[in-house]
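For reference, the structure is listed below as structure tokens.
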Amino acid sequence: MTETWVDDRQIALDGGTWAVRQAGAPDGLPLVYFHGTPSCRLEPSFADDLAAELGVRVVSFDRPGYGRSTPAPFSLSSVARATAVILDELGIDTFAVTGQSGGGPFSLACAAVLGERVTHAGVNSGPAPFDQVPELMAMLDENDSEAVALLPDEEAAAAKFGQGFEPFRALGRMSPAEIIGGFRQMCSTRDNALLDDPRNARVLAEGLAVALVQGTSGGGWDNVAWVGPWDFDLADVRAPVDLWYGGEDKFCPAPVGPWLEEHLPDARLHFRPGDGHLGVMDHTREVLETLMASRQRST
């Protein structure tokens, strides 16, 4: 069996370096995958073999402060602009995007900010603007509610949000079995069934172990970016968007998917009542084939 291609590198950007991973098919159709919160560029490795089979070149990177990327403040739009620079460095012009959980808003930001460079966008279990969906604001714990109250002082809010990620940072110092055991307590029945697959469990454990090695600033600025006011307009998302959500998601309430479908110019919702938060691991082929469809037609 041929080993799946993986390329891991550092790219200089904005006075620091960003850790960038590519995998799947080196000459395949490009898909940028935005990792969840907290996680890192390793997260989409569960899809490496399937991406190679389908001819997809998956690009992922650590947002600042995560993994091996230099810590720095960021926003949804600034990450979108950085994505353009990273893709230029890799010799990629047009591409699809998708984001898991906290990566979802960055996928939509890319589609809004980068215009025709983005052929298709996906969101997997990702939030909508918190200030417009009451069910999301109601899910905030005491620490995150205090962080929101600090806005618009973004640095103070990021530091406060960062405190909420200390339990995840503690998980990162445990064994893979302990990491998965701790994460299972927060998951739905279907998510736990997915984690019974050793590969899925390994990928999740590795991602959490690497994500917060530099501290919790990445998570803090993630939350400022998408728990606070979004810095782009959903009406500017012109690429088609596919939304994948589950009715048993313990992290993202069910109304989010329909809300985004209603407020995006061209969106289609895939809702499965029995799915949890990790549906992208459950329906990987569907996600990849759907996001590549527009690109194949355009070429």
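Quick check on my filter: what residues within segment 1-14 are closer than 21 Å to VAL213 by Cβ and touching a residue at least 40 places away in the same chain (Cβ under 8 Å)?
VAL6, GLN10, ILE11, LEU13, ASP14
Can you find, within segment 8-31, the residue that is surrounded by the fewest Cβ atoms within 10 Å (Cβ to Cβ) among those that are under 19 Å from VAL56 (Cβ atoms) and touching a Gly at 6+ places or on another chain (Cβ under 9 Å)?
Taking the candidates together, the pick is ASP27.
Within segment 210-241, take every residue that is of a type in the set (Val, Ile, Thr) and part of a loop (DSSP other than H, G, I, E, B) and give me the one that is nearest to LEU171 (Cα to Cα).
So in segment 210-241, the residues of a type in the set (Val, Ile, Thr) come out as 210, 213, 216, 224, 227, 237, 241.
If we keep only those that are part of a loop (DSSP other than H, G, I, E, B) too, we end up with 213, 216, 227, 237.
Numbers: VAL213: 11, THR216: 12, VAL227: 23, VAL237: 36 Å.
That would be VAL213.
Determine if segment 188-205 includes at least one residue that is small (Gly, Ala, Ser), touching a helix residue (DSSP H, G or I) at 6+ places or on another chain (Cβ under 9 Å) and within 17 Å of ALA147 (Cβ to Cβ).
No, there is no match, as no residue in segment 188-205 is small (Gly, Ala, Ser), touching a helix residue (DSSP H, G or I) at 6+ places or on another chain (Cβ under 9 Å) and within 17 Å of ALA147 (Cβ to Cβ).
Go through segment 15-56 and count every residue that is under 16 Å from GLU3 (Cβ atoms), free of Cβ contacts under 8 Å to residues at least 60 places away in the same chain and either polar (S, T, N, Q) or part of a strand (DSSP E or B) (or both).
Of the residues in that region, 3 qualify.
Which numbered condition in (1) in contact (Cβ under 8 Å) with a residue 60 or more places away in the chain; (2) surrounded by fewer than 17 Cβ atoms within 10 Å (Cβ to Cβ); (3) not in a loop (DSSP other than H, G, I, E, B) is the only one that GLU146 fails?
Every condition holds for GLU146 apart from (1).
Return yes or no: is VAL210 under 16 Å from the mean Cα position of the chain (by Cα), surrounded by 23 or more Cβ atoms within 10 Å (Cβ to Cβ) and hydrophobic (A, V, I, L, M, F, W, C)? Step through it out loud before you land on a result.
Working: under 16 Å from the mean Cα position of the chain (by Cα): yes; surrounded by 23 or more Cβ atoms within 10 Å (Cβ to Cβ): no; hydrophobic (A, V, I, L, M, F, W, C): yes.
It is false that VAL210 is under 16 Å from the mean Cα position of the chain (by Cα), surrounded by 23 or more Cβ atoms within 10 Å (Cβ to Cβ) and hydrophobic (A, V, I, L, M, F, W, C).
Just to be sure I understand, how many residues within segment 164-205 are at pLDDT 90 or above, assigned to a loop (DSSP other than H, G, I, E, B) and of a type in the set (A, V, I, L, M, F, W, C)?
1
What's the total number of residues in segment 69-116 that are of a type in the set (A, V, I, L, M, F, W, C), outside any helix (DSSP H, G or I) and within 17 Å of TRP18 (Cβ to Cβ)?
Of segment 69-116, the ones of a type in the set (A, V, I, L, M, F, W, C) are 72, 74, 76, 79-80, 82, 84-87, 90, 92, 95-97, 106, 108-114.
Those still in the list that are outside any helix (DSSP H, G or I) too: 72, 74, 90, 92, 95-97, 114.
Cutting the leftovers down to within 17 Å of TRP18 (Cβ to Cβ) gives us 72, 74, 90, 92, 95, 97, 114.
Qualifying residue count, segment 69-116: 7.
The values are calculated or read from the model by the stated rules, or taken from the named source; none is laboratory data. These numbers were taken from a predicted model, which means no experiment stands behind them. Neighbour counts are summed over all protein chains in view; Cβ atoms, including those assigned to glycine, are modelled from backbone coordinates with ideal geometry.
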